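Reading through the structure tokens given below for one structure.
No value in this document is a laboratory result; all are computed from the given coordinates. As the structure is a computational prediction, the values presented were derived from the model and not from experiment. Methodologically, a virtual Cβ is constructed for each residue, glycine included, from the backbone with ideal geometry; neighbour enumeration extends over all protein chains shown.
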Amino acid sequence: MAIKQYVVASFRDEDQLLPAVKKVRMQGYKLYDVFTPFPVHGLDAAMGLRQTALHTAGFIYGALGTATALLGMSWIFVVSWPLDIGGKPHFPLPSFIPITFELTVLFSAVGTTLTFCWLNQIMPGVKKHIFHPRQSDDRFVMAIEITPKTQVEEVKQFLLNNGAEEVQVQTAEEGWWYGLFSKREKYDDINPQWSVQ
Amino acid sequence: MEERFVIPRRFRNTSLIFISIGVLAFLAGLFGLHGDVGVKRFWSVLVFDSLFFLYISAASLFLYCAASLAQASWHIAYKRVIEAIMVNIPVFAIIAFIVLMAVLIGHKYFIYPWTDPQVLAHDTIVAGKTPFLNVKLFVIFTVIIMLGWSLLSLKLRQISLQEDRAERGVRRFLWKTIFFSAVFIAFYAVTISVSSWHWLMSIAARWYSTMYGWYVFAGSFISLMAIISLFVIAIKNSGQLSLVNKEHLHDLGKFIFAFSIFWTYIWFAQYFLLWYGNIPLESQYFRPQLWGHYRFWFLLDLVINFAVPFLLLMTRDAKRNYTTVTIIALIVFFGHWLDFYLMVMPTVLPTQGVVGWYEIGITLGFVGLMIGLVSRALSRAPLYPVNHPYLKEAIIHKSDWG
Amino acid sequence: MLHYESTVREPLVNGNKDYHQVTEDIISPIEKKPGKLWWIALGFAVTMLLFGVWSVFWETYWGIGVWGENRTVGWAWDITNFVWWVGIGHAGTLISAILLLFRQGWRTGVNRAAEAMTIFAVLCAGQFPVWHMGRVWLAFFILPYPNSRGPLWVNFNSPLLWDVFAVSTYLTVSILFWYSGLIPDVATIRDRAKKKFAKFFYGLCSFGWRGTAKEWQRLEALGLLLAGLSTPLVLSVHSVVSMDFATSVIPGWHETIFPPYFVAGAIFSGFAMVQTLLILTRKILHLEEYVTLGHIEAMNKIIMLTGGIVAMAYITELFIAWYSNVVYEQGAFWWRILGPYWWAYIILITCNVVSPQLFWFKKLRRNIPFTFVMSIVVNIGMWFERFVIIVLSLYHDYMPSAWVYYSPRWPEVGFYIGTFGLFFTCYLLFAKYFPVIAVWEIRSVLKTSGENYKQKMAALEQKDTEEFLQEVQHEHALAAH
């Protein structure tokens, strides 16, 4: 786990955030991430993020479910133990449709949700650094990673000029680790407090 | 905004050529189709084709009313296309009425066996249905249904045109539309069932299915979505309807996709329960289709009405691609035409039905008529409902969520 | 960003709100200690639950014979309750999935509570088939595994087995859908939490969510995918439930219309239950500004619509039973309406067909006490619908010598009451410790549909259409760069 420093800016409105994100990227600052209390439309485009391929994963899981159900039931009823039930054929395709459908949905839903958790690295017991206590309430927070080349004061001023409400420098572990949110972080004491809690 | 629709030459030509083909096919059928099979073919194709196009027009009125009731704005950019389809209800109703009356007056017992005194004398099941299946009630219901649909379509169109002439921001017409929409939806819920029982289900006079009305509705609604897509794309190709963009196309694609699945669900529920119960009186209906002469068309029906739209319209990009949507809409339209074909033909001609020059010709005639009528109706009003309170919502409309 | 919505539409959030106020309004009740009313309600619910547990214990100990079922009426209260509860669940999925696909903005105010209701209702429903097995310790027989007497498998032709798959899939997918939407709000509670235990608990439940751009992008994609899956799923579940009856050759059961008819009825009763719960919840938690009269009216409209579909289905099945000219079909409906259970049919028609017609009046659609009463009336009606279909198709069967009357006994009734206990216990715990309204979804519609923002929209409304179009195009051009 790398320990890194960030210039963190909070914005009050998504309409100020979007242009600021674009400008930060144009300026060549290393944008670490943006934290918002709800999905801001146009943000992923402004940050240059690709579209997610979660749907494709969902389709593949679904197809897997279809195949599992159809092959499984066919093998059971045709090969493993053919049984005459109410005069129905040993391969009663219409009768297989409901379960095939259900398993398609089940595989697709469960598979995609797990993929979603894996891609986002979220799970009970996972802890990540929270840059601003109100980033899940009403503040839009942008974190810029400090590299050896970064002029911290310049970046701070740049953000303030572009609509930031408050800017500060924080030290934190990057990414995620196992931990509890009830435990304090190592750098909590040296990181400054936000004026809005 | 005050865009007027100019009928492109291609529309006019296609319409005229198709109508001519239809008339030729009709005349050729009238004089060329002889013998038992020929006569049955002649009449049953007229019956199911005229009803197919009438049901599509009625579905467009349904869509118009449902969208008005839901206070939707996604369709406003091409609302006039929906209107142009629905105002043709009277024309298709008259055609269907003439065909049905000709069948009754001409004693075409092979279409409606319950009009045949001999069948009534021998078949106790069919004879027991005469309180509902009799010529008098059939005519009365047909007139009420066709008149009701026609009048309400004209009324709603009238309100829509009045709004164009009124001041912007007047909401009276919105509420008026909602009121008449509610009236129509209630009327339609009953009449779609009753009409389908009388006009179509009674062809297989011994057979019955509680799902039948739903089934006819689902098929006609999805055909309508295909037709709207085709019109919207064709008009756009002629350089008009500039407010419509990929966002709106996306919606149409989603509707074709979703309602294909819905139709399949309805189809499956009906077929499956009859298959599972396996009661002769019920399952005989599917016999010519599942095991007999119509097996190919039966399976094709499922493939093109379910598998094709389901697999090909699944992605977002496909729904936003004009070519893909056009092709799928054409396929789906043919598929549901075939579905209507299968509602009538296997009963009338269990072993001899074909899809030949006559079937195609008559259908093209109807298609040509539809193109002509819709173009004419479109050219008679501004291309956008200029004063509609939701027009601006349609302008900023985004098909992706959020 | 251009936020526009026609001023014809009612605001979805009333009052002068900003993002923080929304958070405060919805989250702060969670942070307070539960009130007296809550404890009383919980006590009541748990008592009912315990009575249910006792009833089920009695039934399991002595066997199914303690129920009122007999040789002719082999399915009665138990299955009625099962179908009723599953049906109630459907509204939640309809709101969260189908209304999402149809982009009905008002769903944001009610979806969270409705989804939670779905899960609890399905949990309740699941009890009935399980305990109806009698020897419940053999419940694992329903799973497709080769048993020890040679590889003899479950019967894939049986609708009861499809039920197992359908209901368990439904429960799983509903939980995933509900919880994935809940995560960001739990993160909000976590970030606000002051107490150590709250930080610990909501920290675990929040999965470490931070709301990065990529997280949101994936969450929205997941939401859409789950909505797309849930939409046919919700249709399939009640269709499969209807096939428990419709695949048989029992008159009154074997009808092709059953699948969509059951689905419509399910949504009908489900929305009624959502009304019952939300009218209470909005009052107790002071959320009237988020669950507005507009929301209630919209749901009443859906109740009207689905009620209409159901009414049409009643007419259809009655007509076709006559039309079929099959004496058994006709007999089934004759005994349904004119037999000794005539009163059940009357209740059904009164509650489901006649009384919802009052909703044609806008005044009544927007009247809260009336809506509350109607929501209960509808659910009584829908319970009787299932009772009528199940018991009244069985009690006068093919053989007149086997005709019977059926009355429930206390363990059946107790079991039903117990599921109410389970349902309300779950709902009360949920409403106390989780946000009943999707906060982040409210935030994302606030600027288009919040009352204070809508007032500012008059300027846009006045603007000439051409000018407006140019502005939109300009906006698009900006976004593209």
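Per-structure values
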{"read-out": "Rounded, prolate or oblate (a/c below 1.5 giving rounded, otherwise prolate when a/b exceeds b/c) for region A:10-52 by Cα gyration tensor", "value": "oblate"}
{"read-out": "Trypsin sites (Lys or Arg not before Pro) lying in DSSP loop within region C:88-195, provided at most 13 other Cβ fall within 10 Å", "value": "C:Arg135, C:Arg149, C:Lys194, C:Lys195"}
{"read-out": "Mean residue ellipticity (222 nm) of chain C, computed from DSSP H runs ≥ 4 via -39,500 (n - 2.57), nearest 500", "value": "-23500 deg cm²/dmol"}
{"read-out": "Three-way shape call for region B:7-107 based on the alpha-carbon gyration tensor, with the a/c threshold at 1.5", "value": "oblate"}
{"read-out": "Region C:179-236: relative contact order as a whole-number percent, Cα under 8 Å and 6+ apart", "value": "36 percent"}
{"read-out": "Neighbour-limited loop hits for chymotrypsin sites (Phe, Trp or Tyr not before Pro), region C:394-481 (at most 16 other Cβ within 10 Å; DSSP other than H, G, I, E, B)", "value": "C:Tyr398, C:Trp403, C:Tyr405"}
{"read-out": "Angle between chain B longest axis and helix B:172-195 axis [Cα atoms, degrees, rounded to 10]", "value": "10 degrees"}
{"read-out": "Farthest toward positive dipole pole in chain C [+1 Lys/Arg, -1 Asp/Glu at C-beta], among C:Tyr398, C:Ile267, C:Val66", "value": "C:Val66"}
{"read-out": "Over 22 Å between alpha carbons, listed pairs B:Lys246/C:Lys447; A:Lys128/C:Lys194; A:Lys22/C:Lys214; B:Lys79/B:Lys155; B:Lys236/B:Lys319; B:Lys79/C:Lys447", "value": "B:Lys246/C:Lys447; B:Lys79/C:Lys447"}
{"read-out": "Inverse of mean 1/r across different Cα pairs in region A:54-120, Kirkwood, Å", "value": "12.9 Å"}
{"read-out": "Rg over Rh, two decimals, the protein assembly as shown (C-alpha only, Kirkwood Rh)", "value": "0.98"}
{"read-out": "Partners for C:Lys283 among lysines (Cα-Cα distance below 17 Å; same-chain residues under 8 apart left out)", "value": "C:Lys32, C:Lys36, C:Lys432"}
{"read-out": "10 Å Cβ neighbours from other chains, averaged over peptide C:436-446", "value": "3"}
{"read-out": "Relative contact order (%) - chain C, alpha-carbon pairs under 8 angstrom, separation at least six", "value": "34 percent"}
{"read-out": "Cα lying deepest toward the dipole's positive end in chain C, options C:Tyr179, C:Thr118, C:Ser28, charges on Cβ", "value": "C:Ser28"}
{"read-out": "For the protein assembly as shown, size of Cβ-based charge dipole, Lys and Arg +1, Asp and Glu -1, in debye", "value": "840 debye"}
{"read-out": "Qualifying trypsin sites (Lys or Arg not before Pro) in region C:272-343, DSSP loop, other Cβ atoms within 10 Å at most 14", "value": "none"}
{"read-out": "Cβ-derived FRET efficiency at R0 60 Å, C:Leu338 paired with A:Trp177, nearest 0.05", "value": "0.25"}
{"read-out": "Chain B - Rg and Dmax from Cα coordinates, angstrom", "value": "21.2, 66"}
{"read-out": "Sum of side-chain charges, C:Thr316 neighbourhood, beta-carbon under 15 Å (Lys, Arg +1; Asp, Glu -1)", "value": "-3"}
{"read-out": "Zero-based 5 Å bins, Cα pair distances in region B:177-336, whole percents", "value": "2, 8, 15, 17, 17, 15, 12, 8, 4, 2, 0, 0"}
{"read-out": "Chain B: angle of helix B:89-105 to the longest principal axis, Cα-based, in degrees nearest 10", "value": "10 degrees"}
{"read-out": "Set of lysines near C:Lys454 by C-alpha distance (under 17 Å), chain-local residues within fewer than 8 positions excluded", "value": "B:Lys392, C:Lys17, C:Lys463"}
{"read-out": "Longest site-free stretch - chain B; sites: GluC sites (Glu not before Pro), DSSP loop, at most 11 other Cβ within 10 Å", "value": "B:168-402"}
{"read-out": "Test item: B:3-16 mean partner chain Cβ contacts at 10 Å", "value": "0"}
{"read-out": "Whether region C:167-245 is rounded, prolate or oblate, judged on the alpha carbon gyration tensor where a/c under 1.5 counts as rounded", "value": "oblate"}
{"read-out": "Positive-end residue, the protein assembly as shown charge dipole about Cα centroid, Cβ charges, pick of B:Tyr109, B:Ser242, A:Ala57", "value": "B:Ser242"}
{"read-out": "Exercise: per-residue mean of other protein chain Cβ atoms within 10 Å, C:299-306", "value": "1"}
